[in-house]
Every structure is written in C-alpha cells, then in structure tokens.
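**Q** Shown below is the structure under consideration.
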Amino acid sequence: MSNSLALVIALPLLAAFLLQPLAQQLGVGREQRSVAIQLYAQLTIAVTLWITLMLGNGVEQQPLSVMMGGFSAPMGINLYLDRLSLLLLVATQLALLLLWPADATPRIHALMLLLSASSMGLALSGDLFNLYVFYELLAVATFGLVAANSSRSAPLISFRYLLISGLGSVLALSGIALIYSHTGSLNLADISATLQHGDAELPLAAFILILLGIGVKAELFAVNGWVPEVYAIISPRLSALLAGVVSKLAVVVIVRVLLMLFPHPEAAQVLLVLGILGVISGELAAWRAQDLRRMLAYSSIGQLGMIFIAFSLSLEFGMLMGLLLSLHHMVVKPGLFMLTAGKSKRWHMALFVLFALSLVGVPPLPGFWVKLSLLTGLVEAGGALNQLALIVFLGATVIEASYLFRVLQNTLPNPPAVDEGHLTVGWNGLVGVLLGGVLVVTTLSVDPVLEQLKQISSQAGDRNLLISSVVTPSAEQQMVVERDK
Amino acid sequence: MSRSSRSMEWTPLLFSGGLAFFLFALFAVIPFGDTAMKVGTMIHQQGGELGAANLVTAVVLGYRGLDTLGELAILFAAATSAGLVLSNTRQRTRSIKNKGLGELFESAISLLMPLLLLVGVYIVLHGHLTPGGGFQGGVVIAVALFLPTLARGEMVINHHLIQWIEGGAGALFILIGVAALIQGAAFLQPLMAAGEVGRFLSAGTLPVLYLLVGLKVGAELAALLGHLVEDDEPGVQQ
Amino acid sequence: MLAAILYVGAVSLLVIGLAGMLLSSHLFRMLLGLVIAEAGANLLLVLAGYRWESAAPIWESGAYPQLMVDPVPQAMVLTAIVIGVGIQALAIALLVRIRQQTGSLQRDIVREQLEQDLDLELGVKLPSSMHAPSGEGPLLSGTRGAGNEQ
C-alpha cells in the first residue's frame, strides 16, 4: 500500500512520455485538442494529490519511508514522507492545478508534467544523488518553459539561466563526490547517522558546495543572477509557480541537507551570511527597479534571504520561523504575480494592497506575526551576526514598504478606467482572490494554524526520528560492523 | 571587448583562484584509493542478488533505478525543449541543401550503418554482462541512425516514429516498475528469476529495462541531432 | 603520487572550466567551459570510488573479484554524463536560436541587445531611465504585454 507513494512521481512522468504520441492521435481541432491535453495533465496531478492524501493519513505519528526496488535503506533509494513533505507536496500539487498554463502546445504540457514530477521528487526523495537528479530535471524543464516564451530575448535568458544553473550543478556534484568519499553512502538518514561522530571539515565544505548548487533555484545570494530576467518574461502563472513553490522546495532541500548532514553552527552561519547579503542586494535592487515584474522578482530574492536568515537560527525555533516565512511568501508572492496579469481593475488594487500590507508586516495580517516572532528570535539569539541580521531585516522592511507603496502611489491618483470587461473575472484574478482568501482566513485563525506548524516543524527537525524511520535496525547494525572494520 | 569589461575580469579570476585553492585543500584530505565504500561493500556482499554479472548495471537499473528513470526524463525534457526552441523557425524553408559528403562517403556509410546498428544493439543487450549497456549502446544506435543524414545532406529522420519510440520506451520502463507494484512488491523492483549469473538470459527484467533505455536514448539523441540539423541553414549569416 | 596527479587533474579541469565560463566573451566558449567543468566533476566522482589494486566490478570465472572498485560512483557518473549531454544539447539549440536572432554570440553585444529588448517589453522608457529619478518607477498598469499565456 505505502509502496504506491512512488506513483506520485511515476504517474506524471508516464503522462509526459505518452503525451505527444497520444496528442498526435487526437483527430479533433487545435483548440479542443489543447483543452483535452490540459484536462489529461491536470487529471494526472489530481490523481497524485489523491494518492498523497490517502497515504498522508498516518504520517502524524510515524513518518513513512518507502524503499524503491524493495532494497534495504542505504543500498536503495528511499522516499520520505513526513508532515513537512506532506505539506509541501500538497501545496505543490494544488499550485500546479491552479496555475497550469492554459492554451499551450503539447510540448509545454509535457514539460509542465516533467516539472511536476521533479518537484514532487524533490519534496519526497531521501537520497542525495536522487535529489540531484530531480533537481536537474526541474532545471531542464524550466529552461524549456522559459525558452518557449514568445519574448524575443527568451532564448538568451534561458541560456544564461542554463549556464548559472550548470555552474551550480557542477559544484553540487563535487560536493556529492566529497560526501560519498567521506561516508560511502548517499542516503540522507544514513549519512546523518555516520556524520554524528567524526570530524566536521569535509562535511562543511561539501555542504557549502551543495548549498551553492541547490541555491540557484532557491534564489540564494551569488547564484541568483537569473531571477529578474526570467521572471520578467515568463507568464505570471509560471512566475507564481517558480517564485512561490519551486523556490521553497529548493529551500527545504537545503534545510534538510543542512539539518541531516551537518547540524553544526558554522553551516548555519554560512546560511545566515548569504541570507543577509541576499536581503540587502534583493531589496535595494527592488527599490531601484523600473517595472513591476522585475521589482517583484528582486523583492523575492530579498524575501528568500529572510527565509535563509530564519532557518539559520537555532534548530527548533529556526525551523518553525523558516517554515512560517516560507508559507507566508508562498501565498503572498504568487498572489502579487497573478495580479500583474492582464488589465488591472479596481479590485486588483484592493487585493494588491492586502498582499502588500501582509508582505510588509502590518497587523493583524499574518505577515506581521511572522516578522514579529522572527524579530524576537533574532534579539534572543544575540551575537554580532544576528544583530546585523536584525538591523538588515528592519531596514529591508522599510525599503519593502517604500517600493510597494510607490506602486500604489503611482497608480491610485489615476485608477484604471472601468471598462466593459469589469464583471468578467479571469482565472488569474480568481487565483488571486483565492490566495487573498487564504490570507484572510489565516488572519482570523492564527493560533490553530501556528499550533499545527509547530508540530510539523518539530517533527521535521527530529534527526533521530528520521534515522530510525529510514535505516532499519538490522542495517544499522551492519553499519556499525562496517565502521569497525 | 571594451576596456571597462576587461578591467572587471579580476573578480572571476579571484573567484577561480579561490575555488582552486579550496578544492585542492579539500581533496588533499581524502584518502585516495581507500575511501569509505559502505554501500559498495554491501552490494558486493549481496553477491549478485540481481543476477547481473556487471555490478554497475545492477546499481544503475536495480539499486538506483529511480535515478535512471529521472535521467531518462531529463533527456526527454532536453529533447522536448530543444524541439520547442527550434520549432519556431519552421516557417522558413525546411529543405536542407548542403551538398552531402560525396559518393565515396555515401557508399561507405551505407555499408557502415548496419554494422553500427548491430554493434549498438549488441552493447545494449549485453549490458548486464559486460561493461556497456543502454546508454552506451543507445548512443551508438543514434549515431548509426544519424550517419545517412550527414552523408546525403538530407533529412531521413522520421520524427513521428521517434516520438513513438521515445514515449513508448519510457512508458514501458515505468509500466514494468508499476507491474511490480501491482504484484505487491516495491516500485521498480526487478521481476522474474535472477537466473545463473553470466548467462545471456539472466538478471530478470534488467536486460529488458536496458533495452528500453537503449531505445529511448537512441531515439532521444537522434531527435536532438535531427532538430539541430533541420535548423542548420547555410543561409543565416554571422 | 598517482593520487596527487589524478586529483590535481580533476580539480584543475573543474577550475579551468569554471574560469572559462566566467572569463570568456563568447557564448559558445562559455558553454565549452561548462562541458570541461562537468568532465572535472565527473572525474572527481569516479575517483571517489577508486580502490587500490582492485578489479572492475564484473563477474569473472565464477565470482565477483575479491577486491573491486566501488560500482556506485560509476553508476552515478553514468547518470551524470547523460544528464550533461542532455543539457549541452539543449544549450546548443538555444545558441543556434540566439545566433539567428541577434546575428552574434559575443557576450557584450548579446547582453546589450537583451537589456534593450527587456526594457522595451516591460515598458521602461529607455533613454530617460538613465536620468529620471528611480522613484518614478513601477506602474501596475504598465506591465501587460510580456508573457504568452494569460
């Protein structure tokens, strides 16, 4: 039963492989064909959502570790479903269902299916090299989706993205080689068990290399040069998907690796410094930006920097803070991107104000509570770097407020004319309304949501739970024998 | 190149130098030839439970089958994306009018092509016994399919057929994995008896999987090369 | 000694490739840099599984060799190489397209073109943006146009 978790990854892949041959067989007109293919793809995602929800039932008590190919833990690849990956998985699937591109060619649908499979693989995989493979799949699918854009500069932007991403993967691959020669294993739980004893230099170096590699998708400082260009040309739906969900998946992978392989303070400090630099560079660039899309892209870099700062705090608290910030950003940023689509109307403005207020952190919206608790966390943590982070964080909030309200200031005096399309609410607008609704509901029920997230983050932060639920006792004994040899 | 961009070049140089130092320092610490071989030793001790004489094949298709599936998906994504990127130019004339390589090469290649195909298929089918397998053989097959295009200077690649091969082979790979799931085993668990190690008919479903990998890789690479050739128009100026 | 040569070779390839990517002024050479760097990373991975005086992990005369190299990194390298091939092919397709559009692969020329195109598409006024105070920037209504599926 639990073995069918693999279908969450396999089904979208299967659907992608079969999509083009099947599409050729459809004898209907171009428009109907496009609708049929979209239904086929979304149905696939819906099935994976159903499987996830079925299997996610018992995860509260005991995380699920599913072995591929029926081999025991360090030899085979495992998928790991705990409450955090369940949350991410469901969020990814819902986002895919809502943001699926309409009126696209079969090739784009196929690439979207590959993107779906790889994001689910990233959320689930418990194996270092397997994570790398899914990460590359995600990257290649994204290059294709970016290059497919009608914009004139699309091929060049895609190529630059490819080069930056390729540089990152080369570094990540060397990091994996380091880890492998040090531990002889690729399973995260197994590596974690091995690294609990022994020196820390090699793993720290490997962590930095992997961090720079996976950080490309997480918009980490120094490897995020692609962000403004890519978000400037891709459709709002794809921007919402990449900035909202995919970047968070990459962040969670980084945090998993950090936590499992190397829970030492130095690694957290690397994360903290890169996070601070990301906040400074992102927010300043957003402030200087001349158009809304690139402004949102740069501000996304800044907010991901804040997420990295949050995750770098002490294990349990940092996990919770990072999770809160990520989820908040996951709702607000796609909402903002969706509002850049099409003609702006009056109610677009209202929603924009709602999202902007929450992003800046005005009570009683969720953004306020998140930022407040991060501030208290930074104050309590002490230390020079944390205090620097505190100052940067406050400054960034001011800058954020400044540029977000500049948008309103420029738009409000001459609000968009009421045209005949006033009553039609497009799909993009609907998604925006939906996300706004999520924000409002969260505002009204802060306490229960926070309680749930606390449980999720404490489960995700428990290394021993991971090790005991992935590596079977017999294999662990075998490990001890190997080590003693 | 302008002067200002030349003066900026010290940053990448510094970065590369720093990285070189960092990496040299790191890899000097690793005990070469005596690294921790935990999983490798475990696989060795299992003594060919999968029945593959080539243990690398056992790892590629058995222990790390999901990686291989992901890798096939990456090739597929790359071929699809390349098609997407280059298909926008289709409205221009598609006839490829380079001269070809001449009579001599043409006859040589028609002689060579079946041999290459044979070698490719041989490498694919013996992937569980000897070094080689679906990827290596698939590349040879792709080259064999591509040579006539090169020699005659005209398209002989049938994209419809290739789409069916690449889609079908990938789908079958997954379906074999799902078949194990339906039988109550894990996804991608090798089926059928392992047989006697070293025989041609051994290692259960692994040779079948490698055949599918070979077909898919061959089709994928042929499609990629085809896309590039179709687009390579002599008329475009630098 | 051998170990030193191999590691130095692999790391050098990696660094030469990365430096090539960062320093070249031609897009195709940047791609070649990536290819070289990938070769270096793959070599590092192979070296991670090398064992002294070991044979290939292949059944011979009734048994696997007593001392054999680690099969896992070899499988990983196989995967990594194929991934690299796919990415390189896609990159070349992109380069073909870029050259068709801009008629050049020189980094500086292409980048200039890119910035102009982007500003044009996003409705940023080009010449005045240099002099205009940045505070005049973003307008919600000025952003339609880009993106193909809405």
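The values are calculated or read from the model by the stated rules, or taken from the named source; none is laboratory data. All of these numbers come straight from a predicted model, not from anything done at the bench. Because the Cβ atoms are built from the backbone with ideal geometry, glycine has one as well, and the counts that use them run over all protein chains shown. To get the accessible areas, we keep the full protein, side chains included, count just its heavy atoms, and leave off ligands, DNA and RNA. Shrake-Rupley method; radii C 1.70, N 1.55, O 1.52, S 1.80 Å.
**Q** Touching a residue at least 60 places away in the same chain (Cβ under 8 Å) and either in contact with a Leu (Cβ under 7 Å, 6 or more places away or on another chain) or facing chain B (nearest Cβ under 9 Å) (or both), is that true of A:VAL59? Give the steps one after another, and end with the answer.
**A** Values: touching a residue at least 60 places away in the same chain (Cβ under 8 Å): no; either in contact with a Leu (Cβ under 7 Å, 6 or more places away or on another chain) or facing chain B (nearest Cβ under 9 Å) (or both): yes.
Answer is no for this residue.
**Q** Confirm whether B:THR41 is open to solvent by 10 Å² or more (accessible area, probe 1.4 Å), touching a helix residue (DSSP H, G or I) at 6+ places or on another chain (Cβ under 7 Å), facing chain A (nearest Cβ under 8 Å) and of a type in the set (Val, Ile, Thr).
**A** Values: open to solvent by 10 Å² or more (accessible area, probe 1.4 Å): yes; touching a helix residue (DSSP H, G or I) at 6+ places or on another chain (Cβ under 7 Å): yes; facing chain A (nearest Cβ under 8 Å): yes; of a type in the set (Val, Ile, Thr): yes.
Criteria met by B:THR41.
Each row is one residue, and each column tells you yes or no for (1) on the phi < 0 side of the Ramachandran plot; (2) touching a residue at least 40 places away in the same chain (Cβ under 8 Å).
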position	(1), (2)
A:LEU26	yes, no
A:VAL35	yes, no
A:LEU53	yes, no
A:PRO63	yes, yes
A:LEU79	yes, yes
A:LEU86	yes, no
A:ALA91	yes, yes
A:LEU99	yes, yes
A:ASP103	no, yes
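**Q** Would a scan of the range A:74-84 turn up a residue that is closer than 30 Å to A:LEU430 by Cβ and open to solvent by 10 Å² or more (accessible area, probe 1.4 Å)?
**A** Within the range A:74-84, the subset closer than 30 Å to A:LEU430 by Cβ is A:83-84.
Retained after the next criterion (residues that are open to solvent by 10 Å² or more (accessible area, probe 1.4 Å)): A:83.
Scanning the range A:74-84, I find at least one residue that is closer than 30 Å to A:LEU430 by Cβ and open to solvent by 10 Å² or more (accessible area, probe 1.4 Å), so the answer is yes.
**Q** Taking A:MET67 and the conditions (1) among the hydrophobic types (A, V, I, L, M, F, W, C); (2) touching a helix residue (DSSP H, G or I) at 6+ places or on another chain (Cβ under 8 Å); (3) within 30 Å of A:GLY322 (Cα to Cα), which numbered condition does it fall short on, given that it satisfies the others?
**A** For A:MET67, the exception is condition (2).
**Q** Where residues in the range C:43-58 are open to solvent by 30 Å² or more (accessible area, probe 1.4 Å) and more than 10 Å from chain B (Cβ to nearest Cβ), which of them is nearest to A:GLY184 (Cα to Cα)?
**A** C:VAL46
**Q** Considering only the range C:30-42, state which residues are open to solvent by 10 Å² or more (accessible area, probe 1.4 Å) and either within 11 Å of chain B (Cβ to nearest Cβ) or within 11 Å of the chain's Cα centre (by Cα) (or both).
**A** Looking only at the range C:30-42, we keep the residues that are open to solvent by 10 Å² or more (accessible area, probe 1.4 Å), and these are C:30, C:32, C:35-36, C:38-39, C:42.
Those that are open to solvent by 10 Å² or more (accessible area, probe 1.4 Å) and either within 11 Å of chain B (Cβ to nearest Cβ) or within 11 Å of the chain's Cα centre (by Cα) (or both): C:MET30, C:LEU32, C:VAL35, C:ILE36, C:GLU38.
**Q** Shifting gears a bit: Look at the range A:234-270 and say how many of its residues are under 12 Å from the mean Cα position of the chain (by Cα) and basic (Lys, Arg).
**A** So the count comes out to 1.
**Q** Which of the residues that make up the range C:7-18 are at the interface with chain B (Cβ under 8 Å from one of its Cβ atoms) and closer than 23 Å to C:LEU90 by Cβ?
**A** Result: C:LEU14, C:LEU18.
**Q** Does at least one position in the range A:146-161 carry a residue that is closer than 26 Å to A:LEU258 by Cβ and assigned to a helix (DSSP H, G or I)? Please lay out each step first, then the result.
**A** Filtering the range A:146-161 for residues closer than 26 Å to A:LEU258 by Cβ gives A:161.
Applying the additional criterion that residues be assigned to a helix (DSSP H, G or I) yields A:161.
Looking through the range A:146-161, at least one residue is closer than 26 Å to A:LEU258 by Cβ and assigned to a helix (DSSP H, G or I).
**Q** Any idea how many residues of the range B:190-218 are open to solvent by 10 Å² or more (accessible area, probe 1.4 Å) and under 19 Å from C:ILE87 (Cα atoms)?
**A** 0
**Q** Continuing with this model, one more query. Where residues in the range C:62-79 are open to solvent by less than 10 Å² (accessible area, probe 1.4 Å) and part of a helix (DSSP H, G or I), which of them is nearest to B:VAL60 (Cα to Cα)? Explain how you work it out, then say what you get.
**A** The initial filter retains those residues of the range C:62-79 that are open to solvent by less than 10 Å² (accessible area, probe 1.4 Å), namely C:68, C:70-73, C:75-76, C:79.
Narrowing further to those that are part of a helix (DSSP H, G or I): C:71-73, C:75-76, C:79.
Working: C:PRO71: 9, C:VAL72: 8, C:PRO73: 10, C:ALA75: 5, C:MET76: 8, C:THR79: 8 Å.
Applying the filter and picking the extreme gives C:ALA75.
**Q** Got at least one residue in the range A:355-369 being within 21 Å of A:SER402 (Cβ to Cβ), modelled with pLDDT of 85 or more and among the polar types (S, T, N, Q)?
**A** There is at least one residue in the range A:355-369 that is within 21 Å of A:SER402 (Cβ to Cβ), modelled with pLDDT of 85 or more and among the polar types (S, T, N, Q).
**Q** Can you tell me which of A:ALA15, A:ALA46, A:ALA6 is within 24 Å of the chain's Cα centre (by Cα), under 18 Å from B:SER81 (Cα atoms) and in contact (Cβ under 8 Å) with a residue 12 or more places away in the chain?
**A** Numbers: A:ALA46 fails: under 18 Å from B:SER81 (Cα atoms); A:ALA6 fails: under 18 Å from B:SER81 (Cα atoms).
Within the list A:ALA15, A:ALA46, A:ALA6, the selection yields A:ALA15.
**Q** Now, a different point. Closer than 25 Å to A:VAL332 by Cβ and modelled with pLDDT of 80 or more: does that describe A:PRO448? Steps first, please.
**A** On the way: closer than 25 Å to A:VAL332 by Cβ: yes; modelled with pLDDT of 80 or more: yes.
Answer is yes for this residue.
**Q** Among the listed residues A:ARG293, A:ARG288, which satisfies the condition of being open to solvent by 20 Å² or more (accessible area, probe 1.4 Å) and of a type in the set (Lys, Arg)? Lay out the reasoning, then the answer.
**A** Details: A:ARG293 fails: open to solvent by 20 Å² or more (accessible area, probe 1.4 Å).
Every option except A:ARG288 fails the conditions.
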